[in-house]
Amino acid sequence: MTTFARIAGTGSYLPEKVLTNKDLETMVDTSDQWIRERTGIVKRHIAVDGQTTCDLAEQAARRAIEAAGKKPEDIDLIVLATTTPDKIFPSTACLLQQRLDIHGCPAFDVQAVCTGFVYALGVAEKFVRTGAARCALVVGAETFSRVIDWTDRATCVLFGDGAGAVVIEASDEPGILSTHLHADGAYEKLLHVPGGVSRGFDVDGEDGDPRYTQMKGNEVFKMAVNTLGRIVDETLKANDMKKSEVDWLVPHQANIRIINATARKLSMSMDKVVVTVDQHGNTSAASVPLALDTAVRDGRIQRGEVLLLEAFGGGFTWGSVLLKY
Ligand code: ACO
């Protein structure tokens, strides 16, 4: 019998400190109206000094483990997606493993920026399907505020911090139906933080401070809309499924206009799309599991329903997961 991986529980966490559009008006030349109209964002949460990605991940992970009816010792794989690790090494997955007092199971980070959680879920699902793991903790966690230039209005209004997690377990019933992961490194310069461990943080010939996110917003926007449209087609075709069979779209929360375009592509009314971007902005790898957990906990998403998760981010990377919840 085929082993599937099914979601046993979800959890999420947003740091307490809130930064509103009004707050941003006092920091850069922007307006609440511009931010709402162009992005749909109303506020974002920001980790305070000393609060790290692992701190956020731990809260989300504990909630997901509890919701799954599991104990930390049941977890036999940890895959954590982040662009903003606590340390260069060990991985944030290993730091989280220690916090949860789990010992011995594989634990590693995945880096695919905003597509990170979709990648991490795709990887963990393979472990479960092949029998290499039975109960995996998959986390998307970011303190993206740390790689933002807070004097650059083109990027600072968009991002926030947070974490989301799921526990997946082996099951005879589906479960995750398919995962679709893609990347094209040709687009490196449209969305990147130019500095790094190996290149150094004092890189010449780049626009702006190399420690912070640089983005050609308009070009990223167009690519995101087109690419997400294509991945919807690819996912449905691979499952021989019609648009009408998808109960919920759980998209990456970057910009409400990108989400609207993907919903139109699916001929889906917006009341079947989980939107949380207004509440926390773009939290990169945390955004899909944050949205998923929100709609599970408020009772919108019910067991047995078909969910399409999708994301697009730096790399470029993009991907989707189709699953029966
Ligand atoms: N407040 C006021 N005005 C602003 C702001 C701001 N915060 N930011 C830019 N503007 C101005 C620009 O300077 C420009 O002015 P000009 O016309 O005088 O030159 C004008 O607004 C329009 O700028 P555009 O960049 O063309 O605006 P656009 O409609 O494209 O919206 C945005 C910008 C919101 C960034 C959009 O392009 C976007 O969402 N892009 C995609 C981002 C994304 O999805 N990233 C996903 C992956 S993220 C990851 O992987 C880490």
Every listed condition ((1) more than 17 Å from residue 254 (Cβ to Cβ); (2) within 18 Å of the chain's Cα centre (by Cα); (3) open to solvent by 10 Å² or more (accessible area, probe 1.4 Å)) holds for residue 98 save (2)
Residue in segment 257-266 that is open to solvent by 50 Å² or more (accessible area, probe 1.4 Å), away from the ligand (no atom under 15 Å from the Cβ) and either more than 18 Å from the chain's Cα centre (by Cα) or under 24 Å from residue 176 (Cβ atoms) (or both) present: yes
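Between 288, 250, which is of a type outside the set (Gly, Ala, Ser), at pLDDT 95 or above, touching an Asp or Glu at 6+ places or on another chain (Cβ under 9 Å) and not in a helix (DSSP H, G or I)?
250
Here's the yes/no breakdown for (1) open to solvent by 40 Å² or more (accessible area, probe 1.4 Å); (2) closer than 19 Å to residue 47 by Cβ; (3) part of a helix (DSSP H, G or I):
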residue	(1), (2), (3)
116	no, yes, yes
123	yes, no, yes
128	no, no, yes
141	no, yes, no
146	yes, yes, yes
163	no, yes, no
Among the helices (runs of 4 or more DSSP H) lying completely within segment 1-101, list those that include at least 2 residues that are on the phi < 0 side of the Ramachandran plot and among the polar types (S, T, N, Q). 32-39, 53-67, 92-99
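Looking only at segment 172-228, which residues are part of a strand (DSSP E or B) and either farther than 22 Å from residue 120 by Cα or away from the ligand (no atom under 16 Å from the Cβ) (or both)?
Hits for segment 172-228 are 176, 177, 178, 179, 180, 196, 200, 214, 215.
The values are calculated or read from the model by the stated rules, or taken from the named source; none is laboratory data. Just so it is clear, the structure is predicted and the values come from calculations on it, not from any experiment. Please note: Cβ atoms are built from the backbone with ideal geometry, for glycine as well, and neighbour counts cover all protein chains shown. Only protein heavy atoms, including side chains, enter the accessible area calculation; ligands, DNA and RNA are left aside. Shrake-Rupley method; radii C 1.70, N 1.55, O 1.52, S 1.80 Å.
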